[in-house]
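> What follows is a structure written as structure tokens; I'll ask about it next.
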Amino acid sequence: MRIFLVALLCLTFAGCATTKQEASTTTPVSKSSRADVEVIDTSWLDKVITVFTNELKARPDQGGIYYNRAIAYYYKREFDKSWNDVHKAQALGCKIESRFLEKLKTASEKE
């Protein structure tokens, strides 16, 4: 558990996105009986969101934390919360990857 939290905090301290690696590369995926359907196990995202939320209580001026939490909300399909965090991150000067924004726009059918 300690290693998990340290890894999450390292992501937090990294700030805004600076690489083109996507979060989906570490998302657990299992195939259903239908070949065209993928099921993503999102139960672990609640813990991730809790860590980011607690960190924001201590450091609300960190746009990168909002950005990382926006990605977690995206994978939970909580698009309104994801958009809220994207806007907060941008207001704090964090640059959001265009690929993530496009995915969020398509998935949420907004903006």
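> Is at least one residue of the range 59-77 at positive phi, of a type in the set (Lys, Arg) and at pLDDT 50 or above? Don't jump to the end; show me each part of the working.
Here is the first cut: in the range 59-77, the ones at positive phi are 77.
Narrowing the set further to residues that are of a type in the set (Lys, Arg) leaves 77.
Subset that is at pLDDT 50 or above: 77.
Yes, some residue in the range 59-77 is at positive phi, of a type in the set (Lys, Arg) and at pLDDT 50 or above.
> Counting only residues that are more than 19 Å from Gly93 (Cα to Cα) and touching a residue at least 12 places away in the same chain (Cβ under 8 Å), which one in the range 54-81 is surrounded by the most Cβ atoms within 10 Å (Cβ to Cβ)? Reasoning before the result, please.
Of the range 54-81, the ones more than 19 Å from Gly93 (Cα to Cα) are 54, 72-80.
Subsequent filtering for residues that are touching a residue at least 12 places away in the same chain (Cβ under 8 Å) retains 72-77, 79-80.
Values: Ala72: 25, Tyr73: 23, Tyr74: 23, Tyr75: 18, Lys76: 17, Arg77: 12, Phe79: 17, Asp80: 10.
The qualifying residue surrounded by the most Cβ atoms within 10 Å (Cβ to Cβ) is Ala72.
> Another question about this same structure. Contact list please: Cβ distance under 9 Å, first residue in the range 90-111 and on the phi > 0 side of the Ramachandran plot, second residue of a type in the set (A, V, I, L, M, F, W, C) and surrounded by 10 or more Cβ atoms within 10 Å (Cβ to Cβ), pairs at least six apart or on different chains.
The qualifying pairs are Gly93/Cys16; Glu109/Phe79; Glu111/Trp83; Glu111/Leu101; Glu111/Leu104.
The values are calculated or read from the model by the stated rules, or taken from the named source; none is laboratory data. Model, not experiment: these values are computed from the prediction. Methodologically, a virtual Cβ is constructed for each residue, glycine included, from the backbone with ideal geometry; neighbour enumeration extends over all protein chains shown.
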